[in-house]
Amino acid sequence: GNHQPSAAWLSGWDAYFGALRELSGSGTAGRLCFVIAPSKESIFPDYYPLARGPRSPLDSLMERYGTVPELFYPVSVLSAQRELSYDRSETHWTHFGARLVCQEITHRFGKHNAPLPQSFGLSYVAGDLGWKAIPPVRTYRPIAIWPNGSKVIFDNFVLHHGRIRVTVNPKPQRKQTYVIFGGSSAEHMEHYLTAIYARVVYVYSAGAPDPAILEYERPDFTILQSSERFLSRAPEPEVNNAEIVARKLRAGLVTRSEPRKELLAQWTDPSVAIYRNMG
């Protein structure tokens, strides 16, 4: 296509990056990174059946905000090992691709971070693209395998937006906290960060920060993750996950069918009371 930024598009992104600047200066978010997961056609343009248009929303975004230090679009990092970073039956990056991105982010946050685990097995699977074919298309995918002593101490089992999961590592290499406001691609990043850091809080919000969670966690590092295909609109400058969770619960949009009281009873760590009380 030939993306022509509208006034609403520009104001939305101006508001979002303005919110990131405020977060960076507030002291509640620690070091900040907004990472955009590249669309698969940006990694494999030679396989894409249509010619790329002269201007995409990504081009408009990078032209206006490309020098913002918190912005990271890792297309070159992933393209260098693209067959391992993405597989033919899935739109999201693989565990291997997520490792490349996490390693680069930790280097940006500090030069002396511990190296992330690098051990993989191969699984023969059909992903979100493969299942759309008849018969399903399967491929070998690198899956992260290594000893990881971390433990999930909270999961609210909300479907998509509003999902909150807290993981702690009793023997971390770094006694630091990460908060991730992301989407599906950010879930693969959890595998690495939980293996290294003391506490990781994952919030499904597609890059929109929740000030209340940041104020409570006071993380050392905050990752906001969105995807290239979603750049047609900016993430919200901030969200209230307590309201989102309450709305999802009223609508029954959860991933587990057990009674809510039973599900929440298993999470007894006092540090997650704020999340148990949402909804």
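The values are calculated or read from the model by the stated rules, or taken from the named source; none is laboratory data. Given the structure is predicted, the values throughout are model-derived calculations rather than measurements. Neighbour counts are summed over all protein chains in view; Cβ atoms, including those assigned to glycine, are modelled from backbone coordinates with ideal geometry. All accessible areas refer to the heavy atoms of the entire protein, side chains included, with ligands and DNA or RNA removed. Shrake-Rupley method; radii C 1.70, N 1.55, O 1.52, S 1.80 Å.
For beta carbons closer than 8 Å, sequence separation of 6+ or different chains, a first residue in the stretch 7-26 that is more than 16 Å from PHE221 (Cα to Cα) and a second that is among the aliphatic types (A, V, I, L, M) and assigned to a helix (DSSP H, G or I), the qualifying pairs are TRP13/LEU61. Within the stretch 90-102, residues that are under 21 Å from TRP131 (Cα atoms) and touching a residue at least 40 places away in the same chain (Cβ under 8 Å) have Cβ atoms under 7 Å from residues that are of a type in the set (Asp, Glu) and surrounded by 22 or more Cβ atoms within 10 Å (Cβ to Cβ) in these pairs: THR94/ASP87, counting only partners at least 6 apart in sequence or on another chain. Name the residues in the stretch 1-51 that are over 28 Å from HIS188 (Cβ atoms), assigned to a strand (DSSP E or B) and modelled with pLDDT of 95 or more, would you? Listed by number, the list is empty, since nothing qualifies. Can you find a residue that is open to solvent by 30 Å² or more (accessible area, probe 1.4 Å), farther than 21 Å from GLY182 by Cβ, out of contact with any Cys (no Cβ under 8 Å at 6 or more places or on another chain) and among the β-branched types (Val, Ile, Thr) anywhere in the stretch 60-83? For the stretch 60-83, residues open to solvent by 30 Å² or more (accessible area, probe 1.4 Å), farther than 21 Å from GLY182 by Cβ, out of contact with any Cys (no Cβ under 8 Å at 6 or more places or on another chain) and among the β-branched types (Val, Ile, Thr): present. Restricted to the stretch 186-220, and to residues there that are modelled with pLDDT under 95 and hydroxyl-bearing (Ser, Thr, Tyr), the residue that is nearest to GLN103 (Cα to Cα) is TYR192.
Kindly evaluate PRO170 against the criterion of being open to solvent by 40 Å² or more (accessible area, probe 1.4 Å), assigned to a loop (DSSP other than H, G, I, E, B) and without any contact (Cβ under 8 Å) to a residue 40 or more places away in the chain. Considered against the rule, which asks whether it is open to solvent by 40 Å² or more (accessible area, probe 1.4 Å), assigned to a loop (DSSP other than H, G, I, E, B) and without any contact (Cβ under 8 Å) to a residue 40 or more places away in the chain, PRO170 comes out as yes. In the stretch 45-64, the residues that are within 30 Å of ASP14 (Cβ to Cβ) reach residues that are among the acidic types (Asp, Glu) with C-beta atoms within less than 6 angstrom, at least six apart or across chains, in these pairs: LEU58/GLU228. Taken together, THR194, THR255 contain a single residue that is buried (at least 18 other Cβ atoms within 10 Å of the Cβ), among the polar types (S, T, N, Q) and more than 12 Å from the chain's Cα centre (by Cα), which is THR194.
Considering only the stretch 63-71, I want to know if a residue exists there that is farther than 24 Å from ALA208 by Cα, over 19 Å from the mean Cα position of the chain (by Cα) and modelled with pLDDT under 95. Working first, answer last.
We begin by selecting, within the stretch 63-71, every residue farther than 24 Å from ALA208 by Cα; these are none.
There is no residue in the stretch 63-71 that is farther than 24 Å from ALA208 by Cα, over 19 Å from the mean Cα position of the chain (by Cα) and modelled with pLDDT under 95.
Condition first: in contact with a helix residue (DSSP H, G or I) (Cβ under 6 Å, 6 or more places away or on another chain) and in a loop (DSSP other than H, G, I, E, B). Now tell me which residues in the stretch 95-126 satisfy that. Scanning the stretch 95-126 gives ASN113, ALA114, LEU116, PRO117. Scanning the stretch 261-279 for residues that are open to solvent by less than 70 Å² (accessible area, probe 1.4 Å) and without any contact (Cβ under 8 Å) to a residue 12 or more places away in the chain yields ALA265, ALA273.
Scanning the stretch 226-271 for residues that are in contact with a helix residue (DSSP H, G or I) (Cβ under 7 Å, 6 or more places away or on another chain), outside any loop (DSSP other than H, G, I, E, B), farther than 26 Å from ILE153 by Cβ and polar (S, T, N, Q) returns a single hit, SER227. Does the stretch 206-225 hold any residues that are farther than 23 Å from ASN148 by Cα, open to solvent by less than 10 Å² (accessible area, probe 1.4 Å) and not in a helix (DSSP H, G or I), and which are they? Correct list: GLY207, ALA208, PRO209, ASP210, LEU224, GLN225. Checking SER76, SER89 one by one, the residue that is out of contact with any helix residue (DSSP H, G or I) (no Cβ under 8 Å at 6 or more places or on another chain) and polar (S, T, N, Q) is SER76 and no other.
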